[in-house]
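Read through the structure below, which is laid out as structure tokens, and then see the notes.
The values are calculated or read from the model by the stated rules, or taken from the named source; none is laboratory data. Values in this document were obtained by computation on a predicted structure and should not be read as measured data. Note that we place each Cβ from the backbone using ideal geometry, even for glycine, and neighbour counts take in every protein chain shown.
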Amino acid sequence: MEKAYEAMNDILVNLIHEIWELEGKSIRAEGFKDLTNNDMHVIEAIGLSDGSNMSSIARKLNITVSSLTTAMNGLVRKKYAERYRSEEDRRVVFVKLTEKGIEAYCQHEDYHRKMIQAILDKLEEEEVSVLLKALGALKEFFAS
């Protein structure tokens, strides 16, 4: 069991680091050199909707609205997103992706699709269910 622990620890620690690094390189290679990984995750949280409010996006990212405001300032300045106020309640701020932001979102989504497909191509159906169970346990750990 000790070898399994060591192997899993090594894989998880290195995998998290490698995914972060490769994701950043992929973003920049696709022509979005001015985006950081954090920018891309905000873009992903905004999604393709016609507009999400700042509070709901902050909740998705598990950050404060003030932290999101800082990130949004950069994305608006770089023209990946735009803000607008609610007509019903001017205190509520909505954000949506611009055409440039949608393009970045789609490139990032394609990267994720390729990453998942590379895993699925190497697994049998029963192995997929075991992997999903293990990843679910990992997700629960991080959520607690």
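Table for the structure above
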quantity: Pairs with Cβ under 9 Å, 6+ apart, first in the stretch 1-29 and touching a residue at least 60 places away in the same chain (Cβ under 8 Å), second surrounded by 11 or more Cβ atoms within 10 Å (Cβ to Cβ) and of a type in the set (Asp, Glu); calculated: 27/39
quantity: Among (1) more than 18 Å from residue 25 (Cβ to Cβ); (2) surrounded by 10 or more Cβ atoms within 10 Å (Cβ to Cβ); (3) among the acidic types (Asp, Glu) - the single one residue 110 does not satisfy; calculated: (1)
quantity: Conditions (1) surrounded by 13 or more Cβ atoms within 10 Å (Cβ to Cβ); (2) at pLDDT 90 or above; (3) among the small types (Gly, Ala, Ser); number of the one not met by residue 66; calculated: (1)
quantity: Pair list, Cβ < 8 Å and 6+ apart or interchain, from the stretch 87-98 residues that are touching a residue at least 40 places away in the same chain (Cβ under 8 Å) to residues that are of a type in the set (Lys, Arg); calculated: 93/83; 93/85; 94/83; 94/85; 95/83
quantity: Meets criteria (surrounded by 17 or more Cβ atoms within 10 Å (Cβ to Cβ), at pLDDT below 95 and under 28 Å from residue 143 (Cα atoms)) for residue 54; calculated: yes
quantity: Enumeration of residues in the stretch 69-93 that are surrounded by 14 or more Cβ atoms within 10 Å (Cβ to Cβ) and among the acidic types (Asp, Glu); calculated: 82
quantity: Whichever residue in the stretch 109-144 is of a type in the set (D, E, K, R) and part of a loop (DSSP other than H, G, I, E, B) and, among such residues, is farthest from residue 44 (Cα to Cα); calculated: 124
quantity: Matching residues in the stretch 119-129 - criterion: being closer than 25 Å to residue 20 by Cβ, more than 19 Å from the chain's Cα centre (by Cα) and surrounded by 10 or more Cβ atoms within 10 Å (Cβ to Cβ); calculated: 120, 123, 128
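Conditions (1) more than 15 Å from the chain's Cα centre (by Cα); (2) among the hydroxyl-bearing types (Ser, Thr, Tyr); (3) over 12 Å from residue 48 (Cα atoms), marked per residue:
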position: 78; (1), (2), (3): yes, no, yes
position: 81; (1), (2), (3): yes, no, no
position: 88; (1), (2), (3): yes, no, yes
position: 94; (1), (2), (3): yes, no, yes
position: 99; (1), (2), (3): yes, no, no
position: 105; (1), (2), (3): no, yes, no
position: 109; (1), (2), (3): no, no, no
position: 117; (1), (2), (3): yes, no, yes
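Every residue, every condition in (1) under 22 Å from residue 142 (Cβ atoms); (2) in contact with a Ser or Thr (Cβ under 9 Å, 6 or more places away or on another chain); (3) basic (Lys, Arg), yes or no:
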| position | (1), (2), (3) |
| --- | --- |
| 31 | no, no, no |
| 48 | no, no, no |
| 61 | yes, yes, no |
| 74 | no, yes, no |
| 77 | no, no, yes |
| 102 | no, no, no |
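Let's see how each residue does on (1) at pLDDT below 95; (2) aromatic (Phe, Trp, Tyr):
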| position | (1), (2) |
| --- | --- |
| 5 | yes, yes |
| 21 | yes, no |
| 26 | yes, no |
| 37 | yes, no |
| 41 | yes, no |
| 81 | no, no |
| 85 | yes, no |
| 93 | yes, no |
